[in-house]
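Structure first, then comments.
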Amino acid sequence: MRIGYVGLGNMGGPMCRNLVKGVNHEVVVHDLDPAAIAACTAVGARPAGGLAALAESSDVIFTSLPTPKHVEAVVEEIAAHAKPGTVVFDLSTNAPAVIRRLHAALAAKGIALLDAPVTGGVARAVEASIVVMVGGDEALFDQHRAMLAAFSGTQVHVGPVGSASVAKLINNMLVLCNMAVAAEGMTIGRLAGIDMGKLVQIVQNGSGDSFGFRGLTARAMKGDVAPSFALDLAYKDLGLAVDLATEHGVPGLMGPQALALLRMARGLGFGGLDTSAMLKVYETLLNTEVRA
């Protein structure tokens, strides 16, 4: 079997390398960044020589791309060149409606598409312990589960195509809202004059703890805002979640507020920094520094 892998960024790169090391199949790769390709070929992958060539020769294709528009462009190329019977897993964070539309377009050509977004962050992608959630044909999920397990610690079949994307958007909405309120809370603590290290210790061992809080305190509150999960991508993900809420008539009370904070951060030029750099909005507006 030949596996194609498209998109070798912060998440896609380590997932691909773990896939190469964890399966007994040939893996061919494609990315716009030659350095990203080289990092994967160094562990045994082969460069595909272009997206069309990858699509033509692969039995299974993984895509890990930044936005729905990128996924649509790549899937269009796959549809034009892949053979009937090819199975595509989209690991990207995508809009459910987009995934369903692409699924229908590929199905007309005899190509299967499953949405398979992941959660856990870059560190867990590196150690192959991320969670992959899958929407689509359950028999295909079962058939390829060992392949998914090569780069993830937990694999969950969620339901029909699009359902995994719903789960991913809700997951990301929760963590981003948690991080937003953590940024506000830590700023209050700083201006109220309490010991920030002790405040962090209390929250991390108390009921206010969360993945988002730990991300904020481990990065932005240490002055480290080099991108792990870029704020621009978080803004995209939360925007998709807010759109999904609107689609289903759910009152937007929390998500849109966190989205507004991310929008302010982007307006201040922080979009290319780590998502935890949302704290810098408070620091900028209040001319203070929040550190632990």
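Numerical summary
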quantity	calculated
Residue in the stretch 266-287 that is surrounded by the most Cβ atoms within 10 Å (Cβ to Cβ), counting only those that are in contact with a helix residue (DSSP H, G or I) (Cβ under 6 Å, 6 or more places away or on another chain) and touching a residue at least 60 places away in the same chain (Cβ under 8 Å)	Thr275
Scope the stretch 37-96; condition out of contact with any Lys or Arg (no Cβ under 6 Å at 6 or more places or on another chain), β-branched (Val, Ile, Thr) and within 18 Å of Val23 (Cβ to Cβ); matching residues	Thr41, Val60, Ile61, Thr63, Thr86, Val87, Val88
Selection count, the stretch 1-18, where residues are assigned to a loop (DSSP other than H, G, I, E, B) and closer than 13 Å to Asp33 by Cβ	4
Complete set of residues in the stretch 41-89 that are out of contact with any helix residue (DSSP H, G or I) (no Cβ under 6 Å at 6 or more places or on another chain) and of a type in the set (D, E, K, R)	Arg46, Asp59, Lys69, Glu72, Glu76, Lys83
Some residue of the stretch 143-166 being closer than 30 Å to Ala52 by Cβ and within 13 Å of the chain's Cα centre (by Cα)	yes
Enumeration of residues in the stretch 151-173 that are crowded, with 17+ Cβ neighbours inside 10 Å and either free of Cβ contacts under 8 Å to residues at least 12 places away in the same chain or outside any helix (DSSP H, G or I) (or both)	Phe151, Ser152, Gln155, His157, Val158, Val161, Gly162
Yes/no for Val29 being buried (at least 24 other Cβ atoms within 10 Å of the Cβ), in contact with a Lys or Arg (Cβ under 8 Å, 6 or more places away or on another chain), over 18 Å from Ala123 (Cα atoms) and not charged (D, E, K, R)	yes
Check on Gly212, modelled with pLDDT of 95 or more, buried (at least 17 other Cβ atoms within 10 Å of the Cβ) and small (Gly, Ala, Ser)	yes
Qualifying helices (runs of 4 or more DSSP H) (wholly inside the stretch 198-292; at least 3 residues being more than 23 Å from Met11 (Cα to Cα) and more than 17 Å from the chain's Cα centre (by Cα))	231-247, 255-267, 279-286
Residue in the stretch 92-100 that is free of Cβ contacts under 8 Å to residues at least 24 places away in the same chain and either within 30 Å of Leu216 (Cβ to Cβ) or in contact with a helix residue (DSSP H, G or I) (Cβ under 9 Å, 6 or more places away or on another chain) (or both) present	no
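Conditions (1) without any contact (Cβ under 8 Å) to a residue 12 or more places away in the chain; (2) touching a Ser or Thr at 6+ places or on another chain (Cβ under 7 Å), marked per residue:
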residue	(1), (2)
Leu32	yes, no
Ala36	no, no
Gly44	no, no
Ala48	no, no
Ala55	no, no
Ile61	no, yes
Ser64	no, yes
Ala73	yes, no
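The values are calculated or read from the model by the stated rules, or taken from the named source; none is laboratory data. The structure presented is a predicted model; accordingly, all values stated were derived computationally and were not measured. Backbone-built Cβ (ideal geometry, glycine too); neighbour counts: all protein chains shown.
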